[in-house]
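Laboratory data are not the source of any read-out in this text; all were calculated from the coordinates shown. Predicted model only: the values in this text are computed from it and were never measured. With ideal geometry, Cβ positions are generated from the backbone for all residues, glycine too; neighbour counts draw on all protein chains shown.
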Amino acid sequence: MSRTTSVPSGTTPANPRSRVILASLVGTTIEFYDFYVYATAAVLVFPRLFFPAADETTSLLASFATFGAAMIARPVGAVVFGHFGDKFGRKATLVASLLTMGIATFLIGVLPTYENIGWFAALLLLVLRLAQGFALGGEWSGAALVATENAPVGKRAWYGTFPQLGAPLGFIIANGIFLIINATLPNADAPGTPSQAFDDWGWRIPFLFSAVMVVIGLWVRLRLVESAAFQKTVDRGAVRKLPLGTVLKSNWRELILGTFIMLATYVLFYLMTNFTLTFGTKASDVEVATANARAAAEAAGNPFNEEGFRAAFYPGLGYTYTDFVLMLIFGVVFFGIFTLVSGPLADRFGRRKTLIVVTSLIIVFGFLFVPMLGGGTPAVILFLVLGFALMGSTFGPMGALLPELFPTNVRYTGSAISYNVSSILGAALAPIVALWLWSSADGSPFWVGVYLSVMGVLTLIALILSKETKDIDIDA
């Protein structure tokens, strides 16, 4: 560590506890809602509406590529928002990140599709997706700092779980809205599948609804005042002119360790949401898949190469969209529960020890992909519950651990860079790598699970090389 370890000071929080919890929770819930809305649409409708291609895999890969592009923009957002957050305070920066995300998401909801303006539609979608990533690059760290810098002594990890809780809540709200819209729209092609009305305009509603949520989030965040930790940095003249330069020079080791400590979390996160939705809803029978693909091609007036489609086919689980999303939502409930449970555990036993145990379990979990995803509905549900429980257990302590790696005057920049560079190594690549491994193995998820286990080993090494941060002075 770059500073002496000591018992945290007993600074009186500048904000009431209820306001801290609400501000950190509401903002990240909105941000993750916006992100999940895109993730769901990237699987459900964007391949058809923005990336039409001769075969399903190419369309999916193109859609996943724009999904992953946001991860590349996130470190840029981390540097920009981190710079202003460390120089001018957390409050204004958090408001700016929320506005950026909200505007980008709303504009996606009014975009013309490929049918209207051709490939220019995909380009505009990419630009707005990059704006989403840029905003999220600054959002998480600011919310985590609001929670941990205002936390009572000995409860930083517990308070740090509240911004993390925004991830499962955002997922449930986003997918719940998608389910309600699809269920209430007329002319469904088949029970549990997206209707034509959903493809035409229904998918836009969740994106437009984000404007309402952003207004609520802004109202909460504008009532915050700066934390005592940041104010002390200002009072003693320790604010850095260029936080990025300082953190690269003095805290490069913490940047690297923080990045790899987050790696398994990101890979597990996007495999459990993005990949499982694709795998779970893909046809399990080649005859069903061929019939659906032929009907879609005829409806669009495109030629259909049946022989080529059959040769390239690889199976999934064959659930309807509605059924599998309900299973996902059930699993995500455990994500939320274990996110909250992990905080007190990390406060009692330490962040490092807690995460070493959880990461070891993630490595083992990677080898359960084949027996559990091929074992019928009860096994699939158990797989989702176990995966999301591990997700909550590893994600929860990160709200305290990453900020604690850095001193106050570069904490926003340092934690944001580690968190978001890890998103490139983990989240940006995970859906694409998983799809490639899955298709290359003729539908078997075995190598997808191995991929998760290997990423878990890298995280475990980073944790072993790191130091415990539970008792550091947050005001330093």
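Miscellaneous remarks
- Between helix 90-108 and the chain there is an angle of about 10 degrees, using the helix long axis and the longest principal axis of the Cα atoms.
- Part-to-part distance (alpha-carbon centres) for the range 434-468 and the range 287-322, which is given in Å: 30 Å
- Rounded to the nearest 10 degrees, the inclination of helix 321-349 to the longest alpha-carbon principal axis of the chain is 20 degrees.
- Eligible lysines near LYS353 by straight Cα distance, threshold 17 Å, same-chain separation 8 or greater: LYS155, LYS467, LYS470
- Each helix, a run of at least 4 DSSP H residues, gives -39500 (n - 2.57); summed and divided by the residues of the chain, these come to -24000 deg cm²/dmol at 222 nm.
- Degrees between helix 156-184 axis and first principal axis of the chain (Cα, 0 to 90, nearest 10): 20 degrees
- With contacts taken as Cα pairs under 8 Å at a separation of at least 6 residues, the range 325-476 carries a relative contact order of 38 percent.
- The range 57-108: Cα Rg divided by the 2.2 N^0.38 Å rule of thumb: 1.44
- Set the Cα radius of gyration of the range 370-412 against 2.2 N^0.38 Å, with N its number of residues, and you get 1.86.
- With eigenvalues of the C-alpha gyration tensor scaled by 5 and rooted, the range 294-439, Å: 38, 21, 14
- Whole-percent pair-distance distribution, where bins are 10 Å wide, for the alpha carbons of the range 201-291: 11, 15, 26, 27, 13, 6, 2, 0
- Residues in the range 61-68 carry Karplus couplings, in order, of 4, 5, 5, 5, 5, 5, 4, x Hz; the curve used is 6.51 cos²θ - 1.76 cosθ + 1.60 with θ = phi - 60°, and Gly or Pro positions show x.
- Length-normalised contact order of the range 197-354 in % [C-alpha pairs under 8 Å, at least 6 apart]: 18 percent
- Taking a ≥ b ≥ c as the square roots of the eigenvalues of the alpha carbon gyration tensor, the range 322-362 is oblate, as a/c is not under 1.5 and a/b does not beat b/c.
- Net charge of neighbours whose Cβ lies under 11 Å from the Cβ of GLY318, counting Lys and Arg as +1 and Asp and Glu as -1: -1
- Sorted largest first, extent of the range 38-160 alpha carbons per principal axis (Å): 58, 25, 20
- Reach of LYS241 by Cα under 20 Å, taken over lysines that are not fewer than 8 positions away in the same chain: LYS87, LYS91, LYS232, LYS249
- Charge dipole of the range 277-317 (Cα centre as origin; +1 on each Lys and Arg Cβ, -1 on each Asp and Glu Cβ, all else neutral): 140 debye, rounded to the nearest 20.
- Note on the chain: dipole from Cβ charges, positive end direction compared against TRP436, VAL380, PRO344; the farthest Cα belongs to PRO344.
- Equivalent ellipsoid dimensions for the range 96-152 as semi-axes, Å, which come from the Cα gyration tensor, largest first: 33, 9, 6
- Computed packing ranks the peptides 379-387, 161-169, 327-335, 39-47 as 161-169, 39-47, 327-335, 379-387, most packed first, by mean other Cβ atoms within 10 Å.
- D_trans [Stokes-Einstein, Kirkwood Rh over alpha-carbon pairs] for the range 437-476, 37 °C, 0.692 mPa s, µm² s⁻¹: 255 µm²/s
- Relative contact order computed over the range 49-127 (Cα-Cα under 8 Å; 6+ residues apart), in percent: 41 percent
- Tail fraction, Cα-Cα pairs, the chain, threshold 29 Å, whole percent: 46 percent
- In the range 309-387, the C-alpha radius of gyration followed by the widest Cα-Cα span (Dmax) gives 16.3, 55 angstrom.
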